[in-house]
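The values are calculated or read from the model by the stated rules, or taken from the named source; none is laboratory data. Just so we're clear, the structure is a prediction, and the values are computed from it rather than from any experiment. With ideal geometry, Cβ positions are generated from the backbone for all residues, glycine too; neighbour counts draw on all protein chains shown. These area figures cover heavy atoms from the full protein model, side chains too; ligands, DNA and RNA do not enter into them. Shrake-Rupley method; radii C 1.70, N 1.55, O 1.52, S 1.80 Å.
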Amino acid sequence: MSTARENLKTARRIVIKVGTSTLAHADTGKLNLYRIEHLIREIADLHNAGKEIIFVSSGAIAAGMNKLGIKVKPQTIPENQALAAIGQGVLMHIYEKFFAEYGQTMGQVLLTKENAVDEHARTNSRNALCSILNMGAIPVINENDAVGVDEIRIGDNDNLSAMVAAMMNAEVLIILSDIDGLYNGNPKVDKSARLLDEVAAIDSEVERMAGGAGTKLGTGGMFTKIQAAKLATSNGVTMLIINGATVGNLRRALSGENVGTVFPRKEACL
Ligand code: GLU
């Protein structure tokens, strides 16, 4: 087994990021409760097994659209801010309910770029997250989209989750995607495209493979996941992309099975 896969097995502090395209049905945009419930159960069980889990979740804007019966994402920033404010509560209500069913307590933390970059704010964010973990609870993080505009905005939760993983000295960041991992071509159009098991170095060839676009619901697609991989691995975090639609994938990946694409952490320079 590769060292990176071994790191997944032994990791204690793990950041798990889920995107909107995993949380919502592609056809209707409505929340996929079956998937959400299974995901929360898996996270609760990892917590029971002694792991420290930090959960980064998108889906606020989609949940807000659902709540108000809006089918097409509005174009203006204030409307999206409002939808994020409405949807964040809806989403936390669902998470809180499922976590409680499995005996877990969660704490919501909303961040902006400032919280991860400004040294003072970063220390405060880190202290809050450490305290939540020390209290035995699960931090549930999103970007503070209701107020996070312009230069304080990160814009996508792949990069946000990598910032969190670096800030919290996590051993592993797992990004749940709507695809099995990184392919060496576009599997939707190229039948010979192959899933990569491990990406040792992120070069221009890897960036080309990641392409550009995201899905109808998600923000980043593979491109922001590769940005996240660069940030995470250079901060000593092993990153993994797996399919969030496959129930049990998280547990399998963390027991060392060959699922998804792993990006080995870079050793810290001495
Ligand atoms: N923070 C956004 C939301 O909750 C999602 C950003 C992303 O998709 O990466 O809707």
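Relative to a virtual label point 7 Å from the Cα of Arg122 in the Cα→beta-carbon direction, which members of the range 148-192 show backbone nitrogen distances below 14 Å? Counting only backbone N, you get 162-170. Cross-link partners of Lys230 among lysines, defined as those whose alpha carbon lies under 17 angstrom from its own and excluding same-chain residues fewer than eight positions apart: Lys17, Lys266. Are there chymotrypsin sites (Phe, Trp or Tyr not before Pro) in the range 56-148 that DSSP puts in a loop and that have at most 16 other Cβ atoms within 10 Å, and which ones? Answer in residue order: Tyr102. Of all DSSP bridge pairs formed entirely within the range 1-145, close to 5 percent run antiparallel. Electrostatic bookkeeping for Leu173 treats Lys and Arg as +1 and Asp and Glu as -1; over the other residues with beta carbon under 11 Å from its beta carbon, the sum is +2.
Expressed as a fraction of 2.2 N^0.38 Å, the value expected for a compact globular protein of N residues, the C-alpha radius of gyration of the range 88-186 is 1.18. Note that the chain presents 47 Å² accessible area per residue, ligands and nucleic acids not counted, probe 1.4 Å. The local environment of Asn243, defined by Cβ-Cβ distances under 9 Å, has a net charge of -2 under the rule Lys, Arg +1 and Asp, Glu -1. Could you work out the local net charge near Ser255, counting Lys and Arg as +1, Asp and Glu as -1, over the other residues with Cβ closer than 13 Å to its Cβ? So the surrounding residues net to +1. Using a probe radius of 1.4 angstrom, the carbon and sulfur fraction of the accessible surface of the range 74-163 is 54%. Less than 5 angstrom separates the built amide H of Met106 from those of Ile138, all sequence-distant by 5 or more or on a different chain. Counting every C-alpha pair in the chain, the share spaced more than 32 angstrom apart comes to 17%. Long hydrophobic helices in the chain: the complete DSSP H runs spanning 18 Å or more by Cα along their own axis with mean Kyte-Doolittle hydropathy of at least -1.0 are 33-48, 77-101, 119-134, 221-234.
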